[in-house]
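Asker: First, the structure itself, so that you have it in front of you.
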There are 4 protein chains.
Amino acid sequence: MNTITKEIMHVGEMASGAALTVPVYRLCGDKNAPSVYIQANMHGAEVQGNAVIFQLLELLKDTQINGNITLVPYANPVGCNHKNGEYTLGRFDPITGMNWNRMYHFDEGIIKPFIRESIGKDDVVIEENFKKLMIDTIEQKLDHNIFGLTTGQRIAYQLQRLAHQADIVLDLHTGPISSKHLYCPEYAKSSAEYFDIEHTIFIQNGFDGAMDEATFCPWWSLQEAYQDLGRHFTMGEGAFNKESFTVELGSQEQIDLDVAKQDALSILSYLHSQGVIDNNEYQPQEMTRYACYLKDYKALYSPMGGMVDYLGEFGKPLAAGEPLARILRMDNYGDGEALHYVSLEQEVIPILHFASASVNQGTELYKVFCNYFEI
Amino acid sequence: MNTITKEIMHVGEMASGAALTVPVYRLCGDKNAPSVYIQANMHGAEVQGNAVIFQLLELLKDTQINGNITLVPYANPVGCNHKNGEYTLGRFDPITGMNWNRMYHFDEGIIKPFIRESIGKDDVVIEENFKKLMIDTIEQKLDHNIFGLTTGQRIAYQLQRLAHQADIVLDLHTGPISSKHLYCPEYAKSSAEYFDIEHTIFIQNGFDGAMDEATFCPWWSLQEAYQDLGRHFTMGEGAFNKESFTVELGSQEQIDLDVAKQDALSILSYLHSQGVIDNNEYQPQEMTRYACYLKDYKALYSPMGGMVDYLGEFGKPLAAGEPLARILRMDNYGDGEALHYVSLEQEVIPILHFASASVNQGTELYKVFCNYFEI
Amino acid sequence: MNTITKEIMHVGEMASGAALTVPVYRLCGDKNAPSVYIQANMHGAEVQGNAVIFQLLELLKDTQINGNITLVPYANPVGCNHKNGEYTLGRFDPITGMNWNRMYHFDEGIIKPFIRESIGKDDVVIEENFKKLMIDTIEQKLDHNIFGLTTGQRIAYQLQRLAHQADIVLDLHTGPISSKHLYCPEYAKSSAEYFDIEHTIFIQNGFDGAMDEATFCPWWSLQEAYQDLGRHFTMGEGAFNKESFTVELGSQEQIDLDVAKQDALSILSYLHSQGVIDNNEYQPQEMTRYACYLKDYKALYSPMGGMVDYLGEFGKPLAAGEPLARILRMDNYGDGEALHYVSLEQEVIPILHFASASVNQGTELYKVFCNYFEI
Amino acid sequence: MNTITKEIMHVGEMASGAALTVPVYRLCGDKNAPSVYIQANMHGAEVQGNAVIFQLLELLKDTQINGNITLVPYANPVGCNHKNGEYTLGRFDPITGMNWNRMYHFDEGIIKPFIRESIGKDDVVIEENFKKLMIDTIEQKLDHNIFGLTTGQRIAYQLQRLAHQADIVLDLHTGPISSKHLYCPEYAKSSAEYFDIEHTIFIQNGFDGAMDEATFCPWWSLQEAYQDLGRHFTMGEGAFNKESFTVELGSQEQIDLDVAKQDALSILSYLHSQGVIDNNEYQPQEMTRYACYLKDYKALYSPMGGMVDYLGEFGKPLAAGEPLARILRMDNYGDGEALHYVSLEQEVIPILHFASASVNQGTELYKVFCNYFEI
């Protein structure tokens, strides 16, 4: 039985002085396999990942572990505990509106000087040095800022400091009301088939402040910069064997421990494929997997205010012209149209929809796969 | 085909001067049957009643109508449009915290003087005069208050003015995540079986500010006062043929037009039983109906903070000791209990649970029927 | 120099498991003078009382203390840390809308049995026994409730358990934008002049869930019940030497340590008058003090939505017909009245006004003294 | 007396179907002077600009007007009416957290093709064509988007469509608790002295979604692109006589009609300097004006959670090491430091501070001018 160590990380303080803390669980691998960092609940309402970490810990206790694994539930103690009415404020700092998952750090400016200083170094040294540079950069930001950090940066940078120590990073999220889906960097396409998740979004090298990007963009940018200079590294292999995913586990505001067990098995299947664990029983399920590129993962904004009966079934192709939703407008009853149907002029796969029937004109109704393909 | 008239009622103003309006739909009955008032969406997130009113209007268009019917969707335009994060702030004025359904008016002090002035009057006159007194009282409050009314009172009193003109009042609500249930005054027990709702709460004569109470308590108190004087009226019959229900349609934040059709049929079955409509096809479904008294309709508050996997199935008796919920406490993993089971020491029927997995110590987890019985 | 002891009281848990704690400071008196309980910040935005407790502790360190003094800042750790936008959600549980200062407990039903059991007992025993009964009742509610307590009850009851051990209770609040004022039970009128507060509201014996009421109503009801039986006790004297005040320190969302020092001196002047401390320099300031009865402390609700330029000066009599506010309605510019003046037909003293210029129709604009008098 | 026309612009719909509307006021100039667009209250709590528009209209009624003037109060009807507790949610869409003033549109990609197509055209034609292109681009976004627009984009683009028709754009904002200050593009430095505002921030050509940027960045980028090609235009002159400012009027949540009159006079002084109006009495006040560059306008984030007594006086240079704030931490009283002083190691001018005493670690405490200079 493996030893699980636990540490309490201090990530902030509230007005009363109450400490904001995050528990950090660690298991040590006894071979030189890739190391793993898994966090959950950065968005307050997206709680299912905590249950998945529970099930992962239960399963990992008795699994042969080759690489170090760090697991962080309740990653954002502000968001996690912030109620507005009955629900948990999901996505942003209630004071500033800043999305909690857009505050990680990457400054592309570190790449060129690093390359200059690394001339003549071999692959392993480059990997070690770049990893150290990333961690040093974050520590510099955490500790040496006269004007301080925002609440969200302080939390994000401390998580990022942990994540930068790993080769593989999984950030567990959920949609609002949603099917499972996976954000996967294009270079790691082949890994997507190890998750028991039917829908994958392939993303390119572009940094917009999210955890997955903050962990793969630096390496990817470094690899591209070397490429321009004629030195070839392959992302996901050798010195650049770094992978990072945002795993969307389903709907927010829900804990289901049985489903969490399935999701834990899906993650173990992926970790097994990377050699992090040994147990051969962790294999992916057979399923048809669809993907689309990020540019084709479209949000549909409501053409009107109203109350929505969501009709589009998740995960199933919906023919052009078929209704995604019907919108009730009782104020128009009798002297206008009380029911409006919303459809698209192309075939799509609905992936998630808004969490409430009540929408303003311009509220995000659905997110859908366009131009999708089987993988 | 019946004529549906529509009127826009002005119930308030926002800071920008934007008018708060409520649409009022009316159908005229052509016989002297009881008149009906139905409203929906007094609590912002409880939107399904709007869809039920839509289906009622669609069905009533071609039904023989004997009594006047007034229908008011979107009864509370402040609550209906108030978003906090993705959800709609449900139950209270966001400025004051006052529950929107606790602001109706009834002053028991009107009873005694009314009785004194009605000595020697016959039943019909008493009914007419008391109805007029109730309406006059509300109009007095709406129009002649030097220090003004709260936002919620202004909305509630205008709805109440409409409701007081009817013999039958239905206030359409929903629970958070909930099965259907019905709040029914004890004297109207026999009416509960006409609704296609399996669970009914019987309430006594006590005014706490809700719409249903505001419409039956005055009559009930009058009847009791007469009783004390030896003059016998029966609630729900003759001059006191007044019934008022809060109909809980299921879960909040959802519109389902197909389910709404079923709920509309359930209401029509009740209206048919009261002679308001003629169509014999509107009959209640056969089902086992359970009830309990209001004092036995218990809220269970969470014994701890944590993340809840709700296990108690709605509408099914749950044996003493069986788990209602298991609560995840990942912060305790490794050095405490990460999973806690919550159960009760008596048999109950779970009716609804909290809308989010994330709860504080003391958040209302479940509402359950204790000491329930078949009706 | 007096010893200040500190204890951390656990009052609840958040969803992440984070403990809700409250610091409790105590100083021991060395004579048999009345004991004192002072708390602050039960409403989240009303923070100035914390600074007053800081200054009280600083001053009490070197003061001769005759009775025990307990001081509790940050009394409500949920409210204190709850941000919605830049502000702190003031008055109510964000989940339920329940006013945090309406959740204390008093059940009038304890009075009659207590009197029956106390026949023949002398005053001191009655006082001791009733105090014990009050504390036991609260402990019973805290510890022996199968269905649990709400979040707010759990906090309130724990504070109340501390308060019931004292003879004098001060609950430090603030208004929204406000002058200083004092809620004082009628029987303690003569104590009002020891506070450096110009405006006092006299309240009668009626329990509505607030801390001040929860501490004086039980004694007052007991005294009245004895009175009905012909045994005479005087409130504020002898065995019934119990006093309880809500001290409104000014405006919310503000800390001013210099003003807090003045408020601390005002409280010490009152405590000196009660023999709790010895230092003769703590004397009330000379000022004209006005009072009115609670029924004459009126809220004025806005007659329209709009944006308010508040004109009524706090603490100064405002003649009938003089404007309290002018309300801007730019939407009416050009084709209606863009400026509206609000006045009353009687002389009043404005005490506080709403915290924002933006009001809905029915938002509480001002609270004013009517029928005030000098004390 | 000038004619003021009024139009109601429909900018969205709420869930109940309620229309979101904005009033648009226009005055026609009778000479060929620059045209002006002024809006207020894009952030919900920043209401004083509405009062300034009221006073501007009152003053402009009887002023000789040479260029067309369009004024839009209540520019954002969602934000304006959105209450959370007593306050108005200021800065962002309550559903998404998106800052309402970061949703305007500018795609730099339009510049190069425009220049290609404009070869050989003269200045006036270039100005007309580019203006038309900007308006057409916005109309295209408003009307031809299959996947729709967000709520905020729909509002912002409609305001932007009005703004693009003007040569001068003023966006009236406020800080939280704040002194007056002005955001001014560097090329328009000389205009800053016509406003009665002591502190100005000079900004460079960079688009981050705000209204001022959305109106000056396109012209500035066009000018720079021509510069690269050797054709010289001067920003603020001739065909490129375009100026755009964000005017910060003081603190949020307040209406003061008397101060608004002063602010209106300040704006008229600027408009007079641009030839928009004729009245010579509109001249700037004499005052010492300070400025700094945007990079030197620094936010100071709180180094700890706590309750803040703000000490830094607005508008006055504060020496290095002098305290900006003292932070109360009552939880540390007795066994730690209960008072902490916050200072900076350089001289600054405090401009604004946070709206509440209660701050988390990382909440923005102050914004200050560093490296400021007299203008």
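Asker: Among the residues of region D:47-81, write down those that are closer than 16 Å to C:ILE327 by Cα and within 17 Å of the chain's Cα centre (by Cα).
Answerer: D:VAL47, D:GLN48, D:GLY49, D:ASN50, D:ALA51, D:VAL52, D:ILE53, D:PRO73, D:TYR74, D:CYS80, listed by residue number.
Asker: What about D:ILE201, is it assigned to a loop (DSSP other than H, G, I, E, B) and under 19 Å from D:PHE369 (Cβ atoms)? Before you say what the answer is, go through the steps one by one.
Answerer: On the way: assigned to a loop (DSSP other than H, G, I, E, B): no; under 19 Å from D:PHE369 (Cβ atoms): yes.
No; evaluated as a whole, the condition is false for this residue.
Asker: State all residues of region D:293-332 that are at the interface with chain A (Cβ under 10 Å from one of its Cβ atoms), within 27 Å of the chain's Cα centre (by Cα) and part of a strand (DSSP E or B); if no residue qualifies, say none.
Answerer: Within region D:293-332, D:LYS298, D:ALA299, D:LEU300, D:TYR301 qualify.
Asker: Could I ask something else about it? Please work out if D:TYR194 is touching a strand residue (DSSP E or B) at 6+ places or on another chain (Cβ under 8 Å), of a type outside the set (Asp, Glu) and closer than 29 Å to D:GLY315 by Cβ.
Answerer: On the way: touching a strand residue (DSSP E or B) at 6+ places or on another chain (Cβ under 8 Å): no; of a type outside the set (Asp, Glu): yes; closer than 29 Å to D:GLY315 by Cβ: yes.
No, not satisfied.
Asker: Let me ask something else. Scan region B:14-30 residue by residue and report those that are more than 14 Å from chain C (Cβ to nearest Cβ) and either at pLDDT below 95 or part of a loop (DSSP other than H, G, I, E, B) (or both).
Answerer: Selection gives B:CYS28, B:GLY29, B:ASP30.
Asker: Looking at region C:135-152, I want the residues that are small (Gly, Ala, Ser) and have a partner that is assigned to a loop (DSSP other than H, G, I, E, B) with Cβ atoms under 6 Å, at least 6 apart or on another chain. Which pairs are those?
Answerer: Correct list of pairs: C:GLY148/B:PRO303; C:GLY152/C:ASP93; C:GLY152/C:MET98; C:GLY152/C:MET103.
Asker: Sticking with this structure for a sec: Need the failing condition index for C:SER178 against (1) more than 13 Å from the chain's Cα centre (by Cα); (2) closer than 21 Å to C:GLN285 by Cα; (3) away from every other protein chain (no Cβ under 14 Å); (4) surrounded by fewer than 24 Cβ atoms within 10 Å (Cβ to Cβ), just the number.
Answerer: Against the list (1) more than 13 Å from the chain's Cα centre (by Cα); (2) closer than 21 Å to C:GLN285 by Cα; (3) away from every other protein chain (no Cβ under 14 Å); (4) surrounded by fewer than 24 Cβ atoms within 10 Å (Cβ to Cβ), C:SER178 comes up short only on (3).
Asker: Residue check: is B:GLU364 within 21 Å of B:HIS173 (Cα to Cα) and either exposed (fewer than 15 other Cβ atoms within 10 Å of the Cβ) or acidic (Asp, Glu) (or both)?
Answerer: On the way: within 21 Å of B:HIS173 (Cα to Cα): yes; either exposed (fewer than 15 other Cβ atoms within 10 Å of the Cβ) or acidic (Asp, Glu) (or both): yes.
Yes, satisfied.
Asker: When you scan region B:158-180, how many residues do you find that are without any contact (Cβ under 8 Å) to a residue 60 or more places away in the chain and not in a helix (DSSP H, G or I)?
Answerer: First, the residues of region B:158-180 that are without any contact (Cβ under 8 Å) to a residue 60 or more places away in the chain: B:160-161, B:164.
Restricting the remaining residues to those that are not in a helix (DSSP H, G or I) gives B:164.
The number of residues fulfilling the criteria is 1.
Asker: From the list C:SER244, C:SER266, which one is assigned to a helix (DSSP H, G or I) and either of a type in the set (S, T, N, Q) or surrounded by fewer than 22 Cβ atoms within 10 Å (Cβ to Cβ) (or both)?
Answerer: On the way: C:SER244 fails: assigned to a helix (DSSP H, G or I).
After applying the criteria, what remains is C:SER266.
Asker: Now for a separate question. Pairs under 9 Å by beta carbon, first residue in contact (Cβ under 8 Å) with a residue 12 or more places away in the chain in region B:258-279, partner of a type in the set (Lys, Arg), six or more apart or different chains?
Answerer: Taking only residues 6 or more apart or on different chains, the pairs are B:ASP263/B:LYS180; B:SER266/B:LYS180; B:GLY275/B:LYS31; B:ASP278/B:LYS31.
Asker: Going through C:THR3, C:THR63 one at a time, which residue ends up being without any contact (Cβ under 8 Å) to a residue 60 or more places away in the chain, among the hydroxyl-bearing types (Ser, Thr, Tyr) and surrounded by fewer than 23 Cβ atoms within 10 Å (Cβ to Cβ)? Write out each step before concluding.
Answerer: Numbers: C:THR63 fails: without any contact (Cβ under 8 Å) to a residue 60 or more places away in the chain.
Within the list C:THR3, C:THR63, the selection yields C:THR3.
Asker: When you go through C:LYS316, C:LYS298 one by one, which is the residue that is in contact with a Cys (Cβ under 6 Å, 6 or more places away or on another chain) and under 28 Å from C:VAL342 (Cβ atoms)? Please lay out each step first, then the result.
Answerer: On the way: C:LYS316 fails: in contact with a Cys (Cβ under 6 Å, 6 or more places away or on another chain).
When all the criteria are applied, what remains is C:LYS298.
Asker: Residues in region A:213-241 that are free of Cβ contacts under 8 Å to residues at least 12 places away in the same chain and crowded, with 23+ Cβ neighbours inside 10 Å: how many?
Answerer: The qualifying residues number 0.
Asker: From (1) surrounded by 18 or more Cβ atoms within 10 Å (Cβ to Cβ); (2) assigned to a helix (DSSP H, G or I), pick out the condition that doesn't hold for D:LYS261.
Answerer: (1)
Asker: Go through region C:31-144 and tell me which helices (runs of 4 or more DSSP H), entirely inside it, have 1 or more residues that are within 14 Å of chain B (Cβ to nearest Cβ).
Answerer: Working: elements: C:48-60, C:77-80, C:111-117, C:123-143.
Passing ranges, in order: C:77-80, C:123-143.
The rows are residues; the columns are (1) hydrophobic (A, V, I, L, M, F, W, C); (2) within 15 Å of C:ASN2 (Cα to Cα).
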| residue | (1), (2) |
| --- | --- |
| C:ALA40 | yes, no |
| C:HIS43 | no, no |
| C:GLN48 | no, no |
| C:VAL52 | yes, no |
| C:GLN55 | no, yes |
| C:LEU60 | yes, yes |
| C:ILE69 | yes, yes |
| C:VAL72 | yes, no |
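Asker: So which residues in region C:222-255 are within 14 Å of another protein chain (Cβ to nearest Cβ) and not β-branched (Val, Ile, Thr), if there are any at all? Don't jump to the end; show me each part of the working.
Answerer: Restricting attention to region C:222-255, the residues satisfying the condition of being within 14 Å of another protein chain (Cβ to nearest Cβ) are C:249-255.
Listed by number, the residues that qualify are C:LEU249, C:GLY250, C:SER251, C:GLN252, C:GLU253, C:GLN254.
Asker: If you don't mind, another one. Given the conditions (1) more than 24 Å from B:LEU60 (Cα to Cα); (2) out of contact with any helix residue (DSSP H, G or I) (no Cβ under 6 Å at 6 or more places or on another chain), report the number of the one that B:ALA192 does not fulfil.
Answerer: (1)
Asker: Restricting attention to region D:220-237, does a residue exist that is touching a Lys or Arg at 6+ places or on another chain (Cβ under 6 Å) and part of a loop (DSSP other than H, G, I, E, B)?
Answerer: Narrowing region D:220-237 to residues touching a Lys or Arg at 6+ places or on another chain (Cβ under 6 Å): none.
The answer is no, given that none of the residues of region D:220-237 is touching a Lys or Arg at 6+ places or on another chain (Cβ under 6 Å) and part of a loop (DSSP other than H, G, I, E, B).
Asker: Same structure again: Find all pairs meeting these conditions: Cβ atoms under 6 angstrom apart; at least six residues apart or on different chains; first residue within region A:333-355 and facing chain B (nearest Cβ under 10 Å); second residue among the basic types (Lys, Arg).
Answerer: So the pair list comes out as A:GLY334/B:LYS6; A:ALA338/A:ARG329; A:LEU339/A:ARG326.
Asker: Please go through region B:356-375 and pick out each residue that is farther than 15 Å from C:PHE147 by Cβ, within 11 Å of chain C (Cβ to nearest Cβ) and among the hydroxyl-bearing types (Ser, Thr, Tyr).
Answerer: B:SER356, B:SER358
The values are calculated or read from the model by the stated rules, or taken from the named source; none is laboratory data. Since the structure is predicted, the reported quantities are computational estimates derived from the model, not experimental observations. Here the Cβ is made from the backbone with ideal geometry for all residues, glycine too, and neighbour counts use every protein chain on show.
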